[in-house]
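Participant: Okay, here's the structure, questions in a sec.
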Amino acid sequence: MFTKYVDLMMNHPFSPSITTMEKSEPLLREAYTKLGAGKVKSLRFTKRAIQDALIGIDNTKDAEQKIARIMVKKIPTGEPITVAKANQIITEAYTTVGIKHTTKAKDLHKWFECSDPISKRVNGKVVKCVDIYRVKFIFKDESNDKPQNK
């Protein structure tokens, strides 16, 4: 859909199809104007990667708020997550924002109410896991001014 949108913007910028596409997928315009076609293509047109890149370039928010938004989107609440997976997600969030940081599972306490790492048996293997209880932040969704708690 994005490639068709780019083609229309380049060749027919006043086409009614553009408005229709933007209504069905509001991320198109923002991705096109802020990231450009090349960057979106390098992100493999993945919606989550595009959203993370847009958060990373947003100058209105401080780094911790950007990281918190990414973390809340990627880590599910109400279920355990392995320490390795948590560290991977934390590293990706810091990298997206452009900060070099040594990650630890304890960093989750900044964004979530959660347990300390404990050993659990998953698929016959003992792995360290963290139970995620709930998010510490509630963000206001800018697109429609409704609180967002994911």
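Participant: Measure up Lys74/Lys104; Lys85/Lys110; Lys39/Lys104 against 28 Å on the Cα-Cα distance and list the ones that go over.
Facilitator: Lys39/Lys104
Participant: Same structure again: Hey, can you find the accessible area per residue of the chain for me, probe 1.4 Å, expressed in square angstrom?
Facilitator: Details: 9510 Å² over 150 residues.
Each residue of the chain exposes 63 Å² on average to a 1.4 Å probe.
Participant: Which entries of Lys66/Lys100; Lys34/Lys136; Lys47/Lys106 have Cα-Cα distances beyond 18 Å here? Present the calculation step by step, with values, prior to reporting the outcome.
Facilitator: Working: Lys66/Lys100 14 Å; Lys34/Lys136 29 Å; Lys47/Lys106 29 Å.
Result: Lys34/Lys136; Lys47/Lys106 exceed 18 Å.
Participant: Any number yet on Rg/Rh for the chain, C-alpha, Kirkwood?
Facilitator: Numbers: Rg = 18.4 Å, Rh = 17.3 Å.
Dividing the radius of gyration by the Kirkwood radius yields 1.06.
The values are calculated or read from the model by the stated rules, or taken from the named source; none is laboratory data. Since the structure is predicted, the reported quantities are computational estimates derived from the model, not experimental observations. The protein model used for the area step is the full one, side chains on, heavy atoms only, and it has no ligands, DNA or RNA in it. Shrake-Rupley method; radii C 1.70, N 1.55, O 1.52, S 1.80 Å.
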